[in-house]
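A short write-up of the structure that comes next.
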Amino acid sequence: MNRNVKGLVVLLALSLLAMPLFAGGKQEVNNDESDTIHIALTAPLSGDYAEYGTNFQRSVEMGIEFINKAGGVLGKDLVLSVGDSKGDPKESATLAQKWTSDPTIVAEIGDFTSTCCMASQPIYDQSEMVQLSPTASHSDFAPGSDWSFGIVGTQAGEGPFMADFAYNGLGLRTIAVININNDWGIDTQKYFSEAFEKLGGVIIATESYFDGEKDFTAILTKMKATKPDALFMAAMYNDGALISKQRVKLGWDVVVVGPSSLYSEQLLTLGGDAVEGLYTNVSFFTEDPAEDVQFYVTEFESRYGVKPNFHAALAFDAINILAAAIEKAGTTDRTAIKEALAKTTDFKALTGSITFTPVGDAVKQYTKVWITDGKFKVYND
Amino acid sequence: MIAEIKKFAEKNKLVVTIAVAALLLLIPLILGSPYLLRVAIMICIFVILSSSLNLIIGFTGMFSLAHAAFYGIGAYCSALLSIKVGLPFLITLPLAGILAGLIGAIIGLATLRLRETFLVFGTLAFGEIVRIVIMNWTSLTRGPMGIPGIPFPKIFGFEISNYTHYYYMVLFFAVIVVLLIRRLYNSRVGRAFIALREDETGAASMGVNVFAYKVWAFALGCFFAGIAGALYAHFVRYISADQFGVNESFAILTMVALGGTGSIIGPIVGAVILMVFPELFRFLAEYRMVLYGLILIVIMMFKPEGIAGFKGMFPRDFDMMSIFKRKKSKTEVEEA
Amino acid sequence: MVNFALGEIYMFGAFTGWLVVTYICPNIFVAMAAGIAVGWLLGFIIEKSAFKALRGAPHIASLICTLGFSVLLKELANVLFGAETKSMPDFFSSSALTIGQANITWLQIIMILTAAIILIGLQLFIYKTRMGLGIRAVSMDHQAAGLMGINVDRVISVAFSLSGALAGLVGVLGATYYNALNPHMGFSPGMKGFTAAVFGGITSIPGAILGGYLLGIIENLSVQVVSSGYRDFIAYLILILFLLFRPNGILGKKSKL
């Protein structure tokens, strides 16, 4: 035993010694003199959230390509370093440390899940580097640090909007809520329910499910028995499609309402007839006639064969907002970039005009849409 | 090559020990970058986890798929006590270990009588139960929202917020845990267990209360996992239930198996390799995890005792080449 | 012996079915056959590398090896097919009959029939064929079985391939039923499959099917009576209680595993 211990401690030591070999030489860098600007992207390229991470990478790379074609930022080309976090908070935090330790990197975009963003937040905060998440909606995320920014908009804004849409726009009075049991789902459920009850409506049932669930029949049967006017689905589009299909199979005909996470072409292909008549809202709409939206949608579709969804568009916005902030700061100094980013007002993005609140959240504008004839259409009261 | 290193280490015991100790102490200087230092800190935390799981496997001959649950219990316990009650780290750390150890003892009492396949399911189910309780007990754990703002540990008024300091602290605990486990293995009970691991009836007939020792080993392993959880919680400063799921249990078990079950150094090697691997192969992007799966299969196929494990644990007739040729009949083996 | 990659075989079966119906031949029965073939092949490969090669090594090595396959298959699917959720075309989704308020589609009837055929087929296979006798013998005591002249390697290989083939088949059916498939769809059915098998009794085939129903009933009841958040909690709790007090399940025989 002893012999093994000693012998293999040496191996351990050797492997630790080998670590600096892949560290890359540490060099003093003056970013203002270099002719490129490095930006980092943390996204889940493998694992359960790979789908969203891949969309992040596609959009951000596309965005950088366009920016560089148009002359870059401060006359320099943007260069992207991509890190795969696997959706694992541990790895996301390690990546955060990797980015912040690298003096050439000026700011970071990512991660996808709020948990990953929250786990890496203390590092960005301590190392003083901008962490701009396209999708983190956790109510503690942006307020948690001066260096953290979110552009998806919190449920504190979207919840009341949807509650008003449901109560006043659609005349619904009793609603059953089904939500995914994660930070986003809980927030969505909470803000919607609070606002709906304040308007005078009744939340008749609330049920949650864990990520990865495929069978919602039990929950739906229970909710059906409460006979609500409508069903509110705080779910991603793929779960939303499953819930809708199973609802129809149960023979439950009811109005369905949900947040903007449902907005995806995939909802239509996965859900088919079952999602017909569903009400939701969008900040980004592929049918939006605005020139920049159409340009982005056509480019994305011609490259990847699918229409971009809300999350992809948010990642595209993130890189553009960041580029604009660097341009405005006039330098690649991390603190200057943060100051400039915080002052972003009325930035014309694909997902609507973006102005950061004092804590670093974005206030979004929402457009009511519904599904009719198998397509998302703008809903006019 | 490993044999030669062993031989060398054997001959120059003192020199090697001093060299290794010096190396471990100088790591913050050698690594330089906080990124690598962070990896080193995570390695130390996972060395505690894999070594403690190895203690359970070594003493009970069975493996638990609930280790991440005890790790999570420790993390939540320490985080909540320091945030809600305001207790200092030096008190929350042992409390985290004790809570995890107590729950471990109860789970051990209930499940350690199960046969192998059933124990796998039983511990797997328990791991999921812990995660679900954390997710649903929102008034205490904030459920899926997680716990942000966990303070840095403070020891005698000295705040450990610097990576170098944190490294020395987790290194200290990792070394203590490894040495304790080594001491246990080499104790009278430990030797009896290693000799009798494969033969429970034999151990029982020798007058050893096998079951009681198993429960003790299980509880102690869980205690260390709880300690690791506390160290982790105050390091990342944001914890949520999904950081302690089944995948984490699988990762810890993989470290033990890859490094070498039953040896002291095995889990350490496993933890180092599996924490360094993802960083080393980042350039592969989405192909990285494909390679990870492939490497796992290949190593386990060709070195089933683990990289630093010993062959001694295996039945004599184990023969790697048997995949390539028809298996000899029993009599042929005996004649040979 | 536990195969942690079974959920991923299910997923690969689903993707095979999807490839067949979208690119080769839009017929669900052809897709099911393809799912069976791929599942069989994967089961065979996994048995050869994780179990045959490691016979005599501790079980933990085999277990980690199947975990490796689980990661490999999942990430391969990510890379090969893309991570987006794909949709299966509708098959037999028209309503066959209505009982009360519940619609039963032709697809559901096909699934029930398939389950019945599998149950009867397996039962016949296990109790009426020489290979089935071999499987039963090996499950009781593989050393004794070997001494009695049973080709243990072949028996185990067939058993694994068969379980892979069934997982592949169910993958195609599951993807069609839920109309959705993605690389991480295998985790939840994998866990539920184990739970159901323990409920019914690991060594019994009707038991496994009964266990599946029981699990479904428990989950539904716990949603109705307690709360949806605790539904898996209750299922796992009952699993642990079963393991402690009735480890052979409802229909399992008292035999060594």
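Suppose we keep only residues that are within 12 Å of B:MET301 (Cα to Cα) and buried (at least 24 other Cβ atoms within 10 Å of the Cβ) within region C:31-53. Which one would you say is nearest to the other protein chains (Cβ to nearest Cβ)?
Selected residue: C:ALA50.
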Would region B:151-159 turn up any residue that is facing another protein chain (nearest Cβ under 10 Å), under 27 Å from A:ALA142 (Cα atoms) and out of contact with any Leu (no Cβ under 9 Å at 6 or more places or on another chain)?
yes
Only one of (1) more than 8 Å from chain A (Cβ to nearest Cβ); (2) buried (at least 19 other Cβ atoms within 10 Å of the Cβ); (3) among the aliphatic types (A, V, I, L, M) fails for B:ILE83. Which number is that?
(2)
Need a quick list: helices (runs of 4 or more DSSP H) entirely within region B:2-107 having at least 2 residues that are modelled with pLDDT under 90, among the basic types (Lys, Arg) and over 19 Å from the mean Cα position of the chain (by Cα).
B:2-11
Looking at region A:71-85, which of its residues are more than 7 Å from chain B (Cβ to nearest Cβ) and of a type in the set (D, E, K, R)?
A:LYS76, A:ASP77
If you go through A:ASP140, A:ASP125, A:ASP111, the only one that is of a type in the set (Asp, Glu) and modelled with pLDDT under 85 is A:ASP140
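Tell me the strands (runs of 3 or more DSSP E) entirely within region A:125-213 that contain at least 2 residues that are hydroxyl-bearing (Ser, Thr, Tyr).
A:202-209
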Taking strands (runs of 3 or more DSSP E) that fall entirely within region A:331-381, which contain at least 3 residues that are among the β-branched types (Val, Ile, Thr)?
A:367-372
Run down A:GLU265, A:GLU299, A:GLU276 and say which single residue is over 22 Å from the mean Cα position of the chain (by Cα) and either farther than 30 Å from A:SER127 by Cα or surrounded by 15 or more Cβ atoms within 10 Å (Cβ to Cβ) (or both).
A:GLU276
Any residue in region B:13-33 that's facing another protein chain (nearest Cβ under 7 Å): show its pairings with residues that are not in a helix (DSSP H, G or I) at Cβ separation under 7 Å, as long as the two are six or more apart or on different chains.
B:GLY32/A:LYS26; B:SER33/A:ALA23; B:SER33/A:LYS26
Tell me whether region C:83-95 contains one or more residues that are more than 20 Å from the chain's Cα centre (by Cα), more than 29 Å from A:ASP239 (Cα to Cα), at pLDDT 80 or above and surrounded by 23 or more Cβ atoms within 10 Å (Cβ to Cβ).
no
First in region C:96-117 and not assigned by TED's automatic domain parsing to the domain that holds C:LEU173 and modelled with pLDDT under 75, second anywhere and buried (at least 17 other Cβ atoms within 10 Å of the Cβ) and in a helix (DSSP H, G or I), Cβ under 7 Å, 6 or more apart
C:ASN103/A:LYS249
What is the number of the single condition among (1) closer than 29 Å to A:GLY251 by Cα; (2) of a type outside the set (Asp, Glu); (3) assigned by TED's automatic domain parsing to the domain that holds A:THR335 that A:GLY144 does not meet?
(1)
Could you count how many residues in region B:108-125 are closer than 24 Å to A:ILE180 by Cβ and under 18 Å from the mean Cα position of the chain (by Cα)?
1
Consider C:ILE45 against the criteria (1) free of Cβ contacts under 8 Å to residues at least 60 places away in the same chain; (2) under 20 Å from B:ILE307 (Cβ atoms): it satisfies all of them except one. Which criterion is unmet?
(2)
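The values are calculated or read from the model by the stated rules, or taken from the named source; none is laboratory data. Given the structure is predicted, the values throughout are model-derived calculations rather than measurements. No Cβ is skipped: glycine too gets one built from the backbone with ideal geometry, and neighbour counts run over all protein chains shown.
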